[in-house]
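A short worksheet on the structure shown next.
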Amino acid sequence: SQQGEEDPQALSIQEGENATMNCSYKTSINNLQWYRQNSGRGLVHLILIRSNEREKHSGRLRVTLDTSKKSSSLLITASRAADTASYFCATGEGGYNKLIFGAGTRLAVHP
Amino acid sequence: GAVVSQHPSWVICKSGTSVKIECRSLDFQATTMFWYRQFPKQSLMLMATSNEGSKATYEQGVEKDKFLINHASLTLSTLTVTSAHPEDSSFYICSARNRVLSNEKLFFGSGTQLSVL
């Protein structure tokens, strides 16, 4: 099963610009997480926001959560070429808190 | 730390053969591991939840006799793709949760690219 949609599917920007990715989900959640995947590799956890939180920061990352709209956004400020990757949101469900991933956004940052 | 090792990184096999993929938690015990499948430029689709010492819980639409999961120890889960066919070609990724560090986030292996000829 897949949780929801991510928007945009692909994003191409220049170094130094900000990148914003959006995620929508369908069910009630305990938390929402963002992960990064470099091409053909495993995923790396970036940031987690709980259902009772509205905004969270980590370095150049800012995540917001709107539970009334069932949506979240990830902002990467002052982007770098090394930020080029796919970004996925994921929500925890069920007794095992399994993660269900969104469709992902492919970010390309050009030098 | 929370390192998850997955082997092999890639495998090519003939149609009809079986392929085993291993997922190990190197520096922590993982009572629960998760297996995902990913097609090119698509998201991760959860296949099953692997529980140490018990049967795996499969997601709807995933054939349990096709994708055999064994979680015999607290540090090892295996996924066996039985009688593989070209449509089974995909990127398979395992993940585990280190409950000492976090009961929420997952640590991922580097994935296995399976190509069935």
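From the Kirkwood radius over Cα pairs of the protein assembly as shown, Stokes-Einstein at 4 °C and 1.567 mPa s returns a whole-number translational diffusion coefficient of 72 µm²/s.
Charges were assigned to the Cβ only: +1 to each Lys and Arg, -1 to each Asp and Glu. The resulting dipole of the stretch B:42-117 about its Cα centre is roughly 280 debye. Put simply, the Cα atoms of the stretch A:35-111 extend 41, 26, 19 Å along their principal axes, the longest span coming first.
When the Cα convex hull of the stretch A:11-54 is projected onto planes of every orientation, the mean area is 4.6 nm². Taking other C-beta atoms within 10 angstrom as a stand-in for reagent exposure, A:Trp34, B:Trp10, B:Trp35 fall in the order B:Trp10, A:Trp34, B:Trp35, fewest first.
Take the Kirkwood radius over Cα pairs of the stretch B:56-117, plug it into Stokes-Einstein at 4 °C and 1.567 mPa s, and you get 97 µm²/s for translational diffusion. Exposure proxy shown here: for B:Leu101, A:Leu74, the number of other Cβ atoms within 10 Å sets the order, fewest to most, as B:Leu101, A:Leu74. Going from the residue with the fewest nearby Cβ atoms within 10 Å to the one with the most, B:Lys41, A:Lys70 rank B:Lys41, A:Lys70. What the Cβ-Cβ distance of B:Ile12 and A:Ser68 gives, at R0 = 41 Å and to the nearest 0.05, is a FRET efficiency of 0.25.
Here the convex hull built on the C-alpha positions of chain B has a volume of 96 cubic angstrom per residue.
Since every read-out is calculated from the coordinates, none of them should be taken as a lab result. Computed from a predicted model, the values in this text were never measured in an experiment. No Cβ is skipped: glycine too gets one built from the backbone with ideal geometry, and neighbour counts run over all protein chains shown.
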